[in-house]
Amino acid sequence: MSETLEALQEDIAAGRLQTDELVLNMGPQHPSTHGVLRLELVLDGEAVVKVIPHLGYLHRCFEKHAEAMTYPQVIPYTDRMDYLAAMNNNHGYALAVERLMGIEVPERVEYIRIIMAELQRIASHLVAIGTFGMDIGAFTPFLYCFRDREYILDIFERTCGARLLYNYMWVGGLSHDVHDGFEKDVAEFIRKFRPTIKEVNDLLNYNKIFIERTANVGVLPPDVAISYGCSGPMLRGSGVDFDLRRDDPYSIYDRFDWEVCVGKGDAGTVGDCWDRHMVRVWEMEQSCNIIEQALESFPEGDITEAIPKRIRPPKGEIYTRVENPRGELGYYVISDGSQNPFRVKARGPSFVNLSVIDEISRGHLIADIVAILGSVDIVLGEVDR
Amino acid sequence: MEHKEIFDHLTALFPETGLEFDEDVPCIVVPPAAIRDVSLQVRDDEMLQFDFLMCLSGVDNADGTLGVVYHLHSVPLGHKLTLKVIVPADNPHLQSVERVWRTADWHEREAYDLVGMVFDGHRDLRRILNPYDWEGHPLRKDYEVPEFYNGMKVPY
Amino acid sequence: MGLLDKQFDDGNIVLTSVEGVLNWARLCSLWQMSFGLACCAIEMMAASASHNDIMRFGVLPRPSPRQCDVMIVAGTVTLKMATRVKRLYEQMAEPRYVVSMGSCSNCGGPYWEHGYHVLKGVDRVVPVDVYVPGCPPRPEALLEGWMRLQEKVRDFSLVKKNNGTA
């Protein structure tokens, strides 16, 4: 122990004095952990040495429920996994069971599914963008984003009666046909929505303060991203040109003309928080393109004709993956020939994306952890299932 | 490459290991003690390059065995592979692939937590979803829900 | 309210009870703990965003439980989380209120039967004042629940025993 202040300062300068590491708990109740995540931060001063995430505060036993329910009864539980992108979750599960049973769904169903999935992607990205801004200290974009999200929810509500959790895409079809004037509503929304992207760009994304907070923070190199199994905007933000809608096409995505958005490092390094954020913004525009093309060739038809009377897939197993707003959502379904699934494993993209947080947070300050966590865009319902 | 070709390729490299090919799924069944070596091979082989572990699932097969299923994807080559490991339920030990694909870290912790297989060589094999003092593995088919946890009644 | 309807000119006298004034002041600024658990938290956020604007009820989201009057339990309470919810409740200053939002925190919701890790109702660990049904409840339902809570606060008495239950 140093006797005087001068001696203490000398000791620090010479590196003879070691400081203790401090452990700080962030969560499970914390406004910027996006739910009930607990991060155990090991700190050296204000710099982060290690992040130890503790999950499971929202573990709702999805996989146990799936084993106890019949195939169609599982669909509402998939809604509640990633509650910001319920349509996409339904879609993945319905596809898995359809492939297991060998069902071909009608054209019209495919089109409605695509439009709904892309609208949901926009809604989900709007929440991600709004809350990310709010985490960093920009409150107004949150209000803008939620305003436009409400328009999408209104369309969903008119079609299937629910705002957040829909139970809409069934095995072989849909729960309801779309409402009268659906195409007009969607076209009207797209027309109103495109200027919002510019508004958000002006307000938030190219704002100097925002760039200072996010550029060069939490850089995720592409090889690390692949090794950690990251997907979605996380992976594309790191400059990997990979999107399941194009590279492992499902449904009818291969009919449309759109681009895969990739982080380019415009504000700093490729794979930083800003890139991940901007991939989401650009993706909203691409989703608009897909919806517009789908509306142009929107077919007529009966949506219920392929819904099977009895859903009892033959013995077998399948792994199906779809592009959720957060990344690759996989369902591993094993059927033993009965009316209940033998095993359903859901591979949540947030779960996998979150596992990289320790790697990309080291050496940053506590305030940057908030930015990194916001840019990963986790939904705890899916992390913990 | 298709599964059958990959299987022939791997049996040529690991003639002694006892790899089996399952036509129905299709997948390659790997003995529990060899999964780490096989994983390293499929990741680093020039012809395979499976650098992306999509999913790792633990399954209780309800016949006294547990299974671990690895779904792999190759980003540069764009093909897929399914590996399977079967272990007896009373001695559920197999090698960890946590150092092969970093994403396996949490997947293996989840499989340990919910199904209860032990991954030898995993650096941090703790429960991940259930509380650390939870008893039993909920996704086993013979699991019984506890009456109380920490003084809180669990059933409805 | 009846208080502000009349104009206060020439030093008019308003006759009311102390309780009336105190309760009126309290029910118009119930501060909420910004604490979301699951799906319902998104609807709670929607309630505070532009379309529904819960702030017109004097609701101010505060991140710290020590500054809050109301805890909205929005979402599924798991066994791992239950002890934390209880602790958060205990950290709030009295008088404190709990709104249980959504079926999960009311009674376990869709997870009541097979949810081995789900607490079947938050009222098993903290006392609940208002239950808002729905899975998830619409923002309007939350506003309705909020007005019910305000009625409850209005009936709060400093002397009577049956506080807020009238």
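So here's what we get for this one:
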item	result
Failed item, numbered, when A:Val279 is tested on (1) within 14 Å of chain B (Cβ to nearest Cβ); (2) touching a helix residue (DSSP H, G or I) at 6+ places or on another chain (Cβ under 7 Å); (3) modelled with pLDDT of 90 or more	(1)
Test for B:Gly151: is it out of contact with any helix residue (DSSP H, G or I) (no Cβ under 9 Å at 6 or more places or on another chain), more than 13 Å from chain A (Cβ to nearest Cβ) and within 22 Å of A:Val383 (Cβ to Cβ)	no
Leading residue by the ranking (most open to solvent (accessible area, probe 1.4 Å)) among those in the stretch A:218-254 that are touching a Phe, Trp or Tyr at 6+ places or on another chain (Cβ under 8 Å) and aliphatic (A, V, I, L, M)	A:Ile226
Residue satisfying all of: in the stretch C:32-47; at the interface with chain A (Cβ under 9 Å from one of its Cβ atoms) and in a helix (DSSP H, G or I); most open to solvent (accessible area, probe 1.4 Å) among these	C:Met45
Residue in the stretch A:166-180 that is within 14 Å of chain C (Cβ to nearest Cβ) and farther than 15 Å from A:Ile122 by Cα present	yes
Residue match in the stretch A:60-77 (condition: of a type in the set (Phe, Trp, Tyr), touching a residue at least 60 places away in the same chain (Cβ under 8 Å) and part of a helix (DSSP H, G or I))	yes
Of residues in the stretch A:355-368 being under 25 Å from B:Glu98 (Cα atoms) and in a helix (DSSP H, G or I), the one nearest to the other protein chains (Cβ to nearest Cβ)	A:Glu359
Hey, B:Pro131 touching a His at 6+ places or on another chain (Cβ under 9 Å) and either part of a loop (DSSP other than H, G, I, E, B) or farther than 13 Å from A:Cys61 by Cβ (or both) or not	yes
Residue list for the stretch A:1-47, filter: of a type in the set (Val, Ile, Thr) and under 30 Å from C:Met45 (Cα atoms)	A:Thr33, A:Val36
Filtered residues of the stretch A:166-195 (kept if small (Gly, Ala, Ser) and either under 20 Å from the mean Cα position of the chain (by Cα) or not in a helix (DSSP H, G or I) (or both))	A:Gly172, A:Gly173, A:Ser175, A:Gly181
Pick from the stretch B:71-121, criterion over 13 Å from the mean Cα position of the chain (by Cα) and among the polar types (S, T, N, Q), ranking: farthest from B:Asp45 (Cα to Cα)	B:Asn91
Selection status of A:Arg147, without any contact (Cβ under 8 Å) to a residue 12 or more places away in the chain, open to solvent by 30 Å² or more (accessible area, probe 1.4 Å) and more than 29 Å from A:Pro76 (Cα to Cα)	no
Residue tally, condition surrounded by 24 or more Cβ atoms within 10 Å (Cβ to Cβ) and hydroxyl-bearing (Ser, Thr, Tyr), over the stretch B:39-69	1
Within the stretch A:1-53, considering residues that are polar (S, T, N, Q), within 14 Å of chain C (Cβ to nearest Cβ) and in a loop (DSSP other than H, G, I, E, B), the one farthest from A:Ile357 (Cα to Cα)	A:Gln29
Hey, A:Ala85 of a type in the set (Gly, Ala, Ser) and more than 10 Å from chain C (Cβ to nearest Cβ) or not	yes
Subset of the stretch A:334-347 that is at the interface with another protein chain (Cβ under 10 Å from one of its Cβ atoms) and either in contact (Cβ under 8 Å) with a residue 24 or more places away in the chain or closer than 22 Å to A:Ser287 by Cβ (or both) - its residue that is most open to solvent (accessible area, probe 1.4 Å)	A:Phe342
Selection within the stretch B:71-88 - open to solvent by 30 Å² or more (accessible area, probe 1.4 Å) and hydrophobic (A, V, I, L, M, F, W, C)	B:Val75, B:Leu77, B:Ile86
Enumeration of residues in the stretch C:135-149 that are buried (at least 17 other Cβ atoms within 10 Å of the Cβ) and not aliphatic (A, V, I, L, M)	C:Cys135, C:Pro136, C:Pro137, C:Arg138, C:Pro139, C:Gly145, C:Trp146
Pair list, Cβ < 9 Å and 6+ apart or interchain, from the stretch B:120-138 residues that are at the interface with chain A (Cβ under 9 Å from one of its Cβ atoms) and within 11 Å of B:Glu110 (Cβ to Cβ) to residues that are open to solvent by 20 Å² or more (accessible area, probe 1.4 Å) and among the acidic types (Asp, Glu)	B:Arg127/B:Asp133
Options A:Val376, A:Val383; residue that is touching a Leu at 6+ places or on another chain (Cβ under 9 Å) and either among the small types (Gly, Ala, Ser) or within 11 Å of chain B (Cβ to nearest Cβ) (or both)	A:Val383
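Residue by residue, here is whether (1) in contact with a Gly (Cβ under 7 Å, 6 or more places away or on another chain); (2) open to solvent by 60 Å² or more (accessible area, probe 1.4 Å); (3) part of a helix (DSSP H, G or I); (4) under 30 Å from A:Phe62 (Cα atoms) holds:
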{"site": "C:Leu15", "(1), (2), (3), (4)": "no, yes, no, no"}
{"site": "C:Leu22", "(1), (2), (3), (4)": "no, yes, yes, no"}
{"site": "C:Ser50", "(1), (2), (3), (4)": "no, no, no, no"}
{"site": "C:Val59", "(1), (2), (3), (4)": "no, no, no, no"}
{"site": "C:Arg66", "(1), (2), (3), (4)": "no, yes, yes, no"}
{"site": "C:Ile72", "(1), (2), (3), (4)": "no, no, no, yes"}
{"site": "C:Glu113", "(1), (2), (3), (4)": "no, yes, no, yes"}
{"site": "C:Pro127", "(1), (2), (3), (4)": "no, yes, no, yes"}
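The values are calculated or read from the model by the stated rules, or taken from the named source; none is laboratory data. Fair warning: this is a prediction, and the values are worked out from it, not measured in the lab. All Cβ positions, glycine included, derive from the backbone under ideal geometry; neighbour counts span all protein chains shown. These accessible areas exclude ligands, DNA and RNA; they are computed on the full protein's heavy atoms, side chains included. Shrake-Rupley method; radii C 1.70, N 1.55, O 1.52, S 1.80 Å.
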